[in-house]
Amino acid sequence: MKQNAIILAGGKGTRLWPLSRENYPKQFVEFKDGLSLFQIAIKRVLSVFNVKNIYIIAQDNHKFTIYNQIDFLPGLGSIKKKFLKENIIFEPISKSTLPAILLSMKFIEDKSGLLDDDIIYIFPSDHIIEPLDKFESSIKKAGPLAREGKI
């Protein structure tokens with residue numbers, strides 16, 4: 001059984017205007033401690049999941065922003081950066097959350113296979129979730145519940 005994390009990094013850039021815009025939505029704006037919400041989301045998910053099982057889905061027009069945000073994430077070694085970059089799914093056309101999740105699951109299935117007992121966690125990249133230890137505790141509690149068939 002694998003636990004896979006999907007980070008949703010799409011967006012239209014309308015909610016934090018004028019700081020965010022279509023080509024630079026709010027999750028990429030520097031927000032806290034010199035990091036963007038996207039970078040904070042990566043660090044948060046890395047605290048619980050194996051980097052090989054972390055997937056990012058974003059719009060194709062954010063490709064270079066995503067790569068740069070990963071490259072400039074402090075404390076992240078080159079091997080982790082490599083795995084994160086290999087697990088990016090770029091949507092050719094933004095179609096909202098559910099299609100993004102389905103495309104991500106298809107990508108995971110094609111890349112490494114999905115078994116019936118694998119668990120998929122979905123995380124937005126534009127939230128601050130604190131404190132981190134409570135997030136980690138919640139994820140650890142969620143796994144057994146998911147294995148029981150609960151969402």
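Annotation: residue 75 fulfils all but one of (1) without any contact (Cβ under 8 Å) to a residue 40 or more places away in the chain; (2) part of a helix (DSSP H, G or I); (3) among the small types (Gly, Ala, Ser); the unmet one is (2).
Could you tell me how many of the residues in the stretch 106-145 are of a type outside the set (Val, Ile, Thr) and in contact with a Phe, Trp or Tyr (Cβ under 8 Å, 6 or more places away or on another chain)?
Number of matching residues: 5.
The residue that is nearest to residue 127 (Cα to Cα), among those in the stretch 22-50 that are among the β-branched types (Val, Ile, Thr) and open to solvent by 20 Å² or more (accessible area, probe 1.4 Å), is 40.
Checking each residue in the stretch 62-81 for being exposed (fewer than 14 other Cβ atoms within 10 Å of the Cβ) and not β-branched (Val, Ile, Thr) picks out 63, 64, 68, 71, 72, 74, 75, 77, 78. Each residue in the stretch 13-41 was checked for being touching a strand residue (DSSP E or B) at 6+ places or on another chain (Cβ under 6 Å) and at pLDDT below 60, and 1 pass. Looking across the stretch 25-46, the residues that are in a helix (DSSP H, G or I), of a type in the set (D, E, K, R) and touching a helix residue (DSSP H, G or I) at 6+ places or on another chain (Cβ under 7 Å) come down to 26, 44. The set of residues in the stretch 82-106 being open to solvent by 70 Å² or more (accessible area, probe 1.4 Å), of a type outside the set (A, V, I, L, M, F, W, C), outside any helix (DSSP H, G or I) and touching a helix residue (DSSP H, G or I) at 6+ places or on another chain (Cβ under 9 Å) consists of 92, 95.
Can you tell me how many residues in the stretch 108-136 are under 14 Å from the mean Cα position of the chain (by Cα) and open to solvent by less than 80 Å² (accessible area, probe 1.4 Å)? So the count comes out to 10. Candidates are the residues of the stretch 137-151 that are touching a residue at least 24 places away in the same chain (Cβ under 8 Å) and closer than 24 Å to residue 39 by Cβ; the one that is least open to solvent (accessible area, probe 1.4 Å) is 139.
The values are calculated or read from the model by the stated rules, or taken from the named source; none is laboratory data. Note that the coordinates shown come from a computational prediction; the quantities given were computed from them, not determined experimentally. Neighbour counts run over all protein chains shown; Cβ positions are idealised from the backbone, glycine included. Note: areas computed on protein heavy atoms with side chains; ligands, DNA, RNA excluded. Shrake-Rupley method; radii C 1.70, N 1.55, O 1.52, S 1.80 Å.
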